[in-house]
Amino acid sequence: MRSNYFIFTLVSLLLLSKHHLLSQTIKTIKSPAPVALTKIEKERPYTKWSLKAGGNISVIYLARNVKEKNNEPGYCAGLTYEINNFLRVASLYNRFQPINIKPTWLNVQANTYELNLEMMARFPNQKTLLYPFVGFSYNTYTGFFTGESDYLNLREYYPVNSTIKNQWLGLNLGTGLEHNFGIFGIFIDYRMRVGRQEKAINIMDVCYTGGIKIRFPYGKLAKRIASPNDRFHWF
């Protein structure tokens, strides 16, 4: 009897031990509760807007500017907006100092308003880019027409010794190069403006432009640049 009781007790202990180990194993391999994943987006340092300003050199109405040295200085300013990493829209205003194209034209004043679509090709450093562009321009030309040395026979269209005002729409074609240093950048570009000259379509202007670019900061960068107590310093 004692031997049977001993064997029964030993078997019972073994079964209890096995059950305990099995329950521990099940608890161990139980899958953990799912953890919610949080998406952390890196804050953009700059907005899609930037400001450009600088100077330019232009022949100002190529067919009429018959001077030997016909490049005239001016200044420009405009805004750009990046649609995506490949395309951006750029506006530009050009103004030129009054000039004389003697002896035919005196006190010539010219202005240009542009809207271009730029296609950006970025260099590996992501700071330098090449941007061919195409767009439209509205051009104004005002000058006193003397009629002297009128090689283009403009007397057929305009009275002599009178102030003439011309406005014309142009097609812009060109390319530019830009390099950025954080918030600042520099740019240079070349453009031709094609338009209607009296009764013919021709190249109306050839222009070189260069200057600086300022990107508008965004988020924390804007707060660091702006006054701490002025939330609307930038926007």
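Figures for the structure shown
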| read-out | value |
| --- | --- |
| Extension gain, Glu148 back to Ala200 (0.36 nm per residue minus Cα-Cα distance, nm) | 16.5 nm |
| Loop sites in the range 115-199: trypsin sites (Lys or Arg not before Pro), DSSP, at most 10 other Cβ within 10 Å | Lys199 |
| With all protein chains modelled, accessible area of Ile188 [1.4 Å, Å²] | 100 Å² |
| Qualifying chymotrypsin sites (Phe, Trp or Tyr not before Pro) in the range 139-211, DSSP loop, other Cβ atoms within 10 Å at most 14 | Tyr151, Tyr157 |
| Distant-in-sequence amide H partners of Met204 (H built 1.01 Å from N, under 5 Å) | Arg193, Val194, Gly195 |
| Nearest-0.05 FRET efficiency for Glu156 and Phe123, computed from C-beta distance (R0 41 Å) | 0.20 |
| The range 99-104 - phi-based ³J(HN,Hα) in whole Hz, Karplus 6.51/-1.76/1.60, Gly and Pro as x | 10, 10, 10, 6, x, 7 |
| Heavy atoms of Arg95 accessible to a 1.4 Å probe, total area in Å² rounded to 10 | 90 Å² |
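The values are calculated or read from the model by the stated rules, or taken from the named source; none is laboratory data. Since the structure is predicted, the reported quantities are computational estimates derived from the model, not experimental observations. Note that each Cβ is placed from the backbone with ideal geometry, even for glycine, and that neighbours are counted across all protein chains shown. When the accessible area is computed, the model is the full protein with side chains, heavy atoms only, and any ligands, DNA or RNA have been set aside. Shrake-Rupley method; radii C 1.70, N 1.55, O 1.52, S 1.80 Å.
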